[in-house]
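Everything below concerns the one structure shown next.
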Amino acid sequence: MTLAYHRRMMAFDHWCSMVSLEAAAPVADRVPASMRWINHILGAKRVWLARVAGGDSPFSVNPTFSADELRQQFAIARDGWAEFLQTQTDADIERVIAYRNLKGEPMVSPLGDILAHLPMHGQHHRGQINADLRAAGVAPPTIDFIHAARSGAV
């Protein structure tokens, strides 16, 4: 995989998160689990960015932002990841990142694995969000990659 591929997947991940947020926000009181999952997707993106960039995450993997705050925070996450990825090369995809997991245990993962993990992690939870929306009587959004690609979103 190339860095260009991972940049595209990160753009797809952001687009999906915004689509899911816009579907859930108007009915947030009926889908509190969806709002928690959206917050978790954001939290994970920020925690992982801190790990790869060598900084501290501003919040945990389970923040409790409102829909408006989530829009702002996702923009910050998108921009932070874009800035970080601008400093990387294809060779950096193999670079091993040392970090501590949420239990404080030391871990190592190649940057490419982390970049692959984030969109898949988000898509897992967006699937849960779609099921939650459907159960609440709300038509879930289309979050398929091919749809995003065909529509020009990524």
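Residues that are surrounded by 18 or more Cβ atoms within 10 Å (Cβ to Cβ) and over 24 Å from Asn130 (Cβ atoms) within the stretch 48-59 comprise Leu49, Arg51, Val52, listed in sequence order. The C-beta contact set for the stretch 109-123 (first residue within 18 Å of Asp90 (Cα to Cα), second residue among the basic types (Lys, Arg), distance under 6 angstrom, 6+ apart or interchain) comprises Leu111/Arg95. Given the condition over 13 Å from the mean Cα position of the chain (by Cα), crowded, with 18+ Cβ neighbours inside 10 Å, touching a residue at least 60 places away in the same chain (Cβ under 8 Å) and in a helix (DSSP H, G or I), answer yes or no: does some residue in the stretch 139-149 qualify? Yes, there is a match, as at least one residue in the stretch 139-149 is over 13 Å from the mean Cα position of the chain (by Cα), crowded, with 18+ Cβ neighbours inside 10 Å, touching a residue at least 60 places away in the same chain (Cβ under 8 Å) and in a helix (DSSP H, G or I). Ser34 meets all of the listed conditions (1) surrounded by fewer than 20 Cβ atoms within 10 Å (Cβ to Cβ); (2) over 13 Å from the mean Cα position of the chain (by Cα); (3) not β-branched (Val, Ile, Thr) but one, namely (1).
Only one entry in Thr87, Thr64, Thr142 is modelled with pLDDT of 95 or more, among the β-branched types (Val, Ile, Thr) and within 17 Å of Ala4 (Cα to Cα), namely Thr87. In the set (1) surrounded by fewer than 15 Cβ atoms within 10 Å (Cβ to Cβ); (2) in contact with a Cys (Cβ under 9 Å, 6 or more places away or on another chain), Glu105 fails one condition alone, (2). Residues that are closer than 26 Å to Gly152 by Cβ and of a type outside the set (A, V, I, L, M, F, W, C) are absent from the stretch 56-64. Of all residues in the stretch 102-127, those being modelled with pLDDT under 95 and within 25 Å of Cys16 (Cβ to Cβ) number 1. Filtering the stretch 60-96 to residues that are closer than 20 Å to Pro110 by Cβ, polar (S, T, N, Q) and surrounded by 11 or more Cβ atoms within 10 Å (Cβ to Cβ) leaves only Gln88. Here Arg126, Arg71, Arg78 are screened, and the one residue that is in contact with a Leu (Cβ under 9 Å, 6 or more places away or on another chain), part of a helix (DSSP H, G or I) and among the basic types (Lys, Arg) is Arg71. Scanning the stretch 1-52 for residues that are free of Cβ contacts under 8 Å to residues at least 40 places away in the same chain, under 23 Å from Pro140 (Cα atoms) and part of a helix (DSSP H, G or I) turns up Pro26, Pro32, Met35, Arg36, Asn39, Leu42, Gly43.
The values are calculated or read from the model by the stated rules, or taken from the named source; none is laboratory data. The structure presented is a predicted model; accordingly, all values stated were derived computationally and were not measured. Neighbour counts run over all protein chains shown; Cβ positions are idealised from the backbone, glycine included.
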